[in-house]
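The values are calculated or read from the model by the stated rules, or taken from the named source; none is laboratory data. In this text the structure is predicted, and so the values were computed from the model without any measurement. All Cβ positions, even for glycine, are placed from backbone atoms using ideal geometry, and neighbour counts span all protein chains on display. Remember, those area values only see protein heavy atoms, side chains included, never the ligands or the DNA or RNA. Shrake-Rupley method; radii C 1.70, N 1.55, O 1.52, S 1.80 Å.
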Amino acid sequence: MPPAPSIRDRCSPGNAQHDIFFAAVENTRMPMVVTDPSQPDNPIIFCNAAFIRMTGYSANEIIGKNCRFLQGSETDRTLVDQIRAAIERREEVAIEILNYRKNGSTIWNALFISPVYDESGELKYFFASQLDISRRKEAEDPSSLTKIFDPFFSTKGAGKGVGKGTGLGLSMAYGFMRQSGGAVAATNRAGGGVTFTLLFPRSKGMVEQTRQPVAHSRGEGQHILMVEDQPQVADLSQRVRQLLDGPNGVT
């Protein structure tokens, strides 16, 4: 394992404007935080904008807290213990753990933590990067495929209503295909995503429509009474009557 990185700027991360390490942390699109192990409970002292976007918390709500505030009821405590042990040993650790956003929704987090030392070898910070791998985890979960056609099912995990959405699209498509004698199949794709296959019933050929002769009846003394206040329409009806008038026409 390569040695942990060191820093030159002894200022706090928020003031270390000229240190390339903190400049990279600030501007990257990957969520990152820096914690200070010299303070009680190893609090977060710096977070970048990507971390704020991923978690939904503001910087004021993040700074000064231990990273455990992202844990929830379904977070694996065994993994939490592994992270704590690595920090106590000042070792790097890479782990995939279930965290929670501010709105209560879940997020699968590929977490990497590394100690950061100064030039004298003194431990200064812990650097942690996160990567949202929720889509990959959902694709790997075979149970999701058995539920996706249920009304209002969702894999987004919105707060306390995890697994509950507001849409009926897949459920309606499934019902339509079943009523039509077909089926819908869903399979996971390597690398993420799902492939949907619509299976329509096989056609047995076009039904030829045979036109039956229509019997046209001739008028035999019937009378048509037409009342119309538009001269143009009255004139047209008069000409039609004249065309139909005759020995076999309508009188």
For the range 43-63, the count of residues that are touching a Pro at 6+ places or on another chain (Cβ under 9 Å) and not aliphatic (A, V, I, L, M) equals 6
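Would you point out the residue of the range 39-51, among those that are in a helix (DSSP H, G or I) and without any contact (Cβ under 8 Å) to a residue 24 or more places away in the chain, that is surrounded by the most Cβ atoms within 10 Å (Cβ to Cβ)?
Applying the filter and picking the extreme gives A50.
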Just to be sure I understand the filter: pairs with C-beta atoms under 7 Å, separated by 6 or more residues or on different chains, first member in the range 18-30 and closer than 17 Å to P115 by Cβ, second member at pLDDT below 80. Which pairs pass? D19/I7; D19/R8; D19/D9; F21/P5; F21/I7; F22/P13; F22/A16
Residue list for the range 70-116, filter: of a type in the set (S, T, Y) and assigned to a strand (DSSP E or B): Y100, T106, S114
Matching residues in the range 84-95 - criterion: being among the β-branched types (V, I, T) and either under 13 Å from P115 (Cβ atoms) or more than 32 Å from the chain's Cα centre (by Cα) (or both): I87, V93
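Can you tell me how many residues in the range 57-83 are open to solvent by 80 Å² or more (accessible area, probe 1.4 Å) and over 26 Å from the mean Cα position of the chain (by Cα)?
Of the residues in the range 57-83, the ones open to solvent by 80 Å² or more (accessible area, probe 1.4 Å) are 60, 65, 68, 73-74, 77-78, 81-82.
So of that shortlist, the ones also over 26 Å from the mean Cα position of the chain (by Cα) come out as 60, 65, 77-78, 81-82.
Selection size over the range 57-83: 6.
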Confirm whether M54 is closer than 17 Å to I107 by Cβ and open to solvent by 60 Å² or more (accessible area, probe 1.4 Å). no
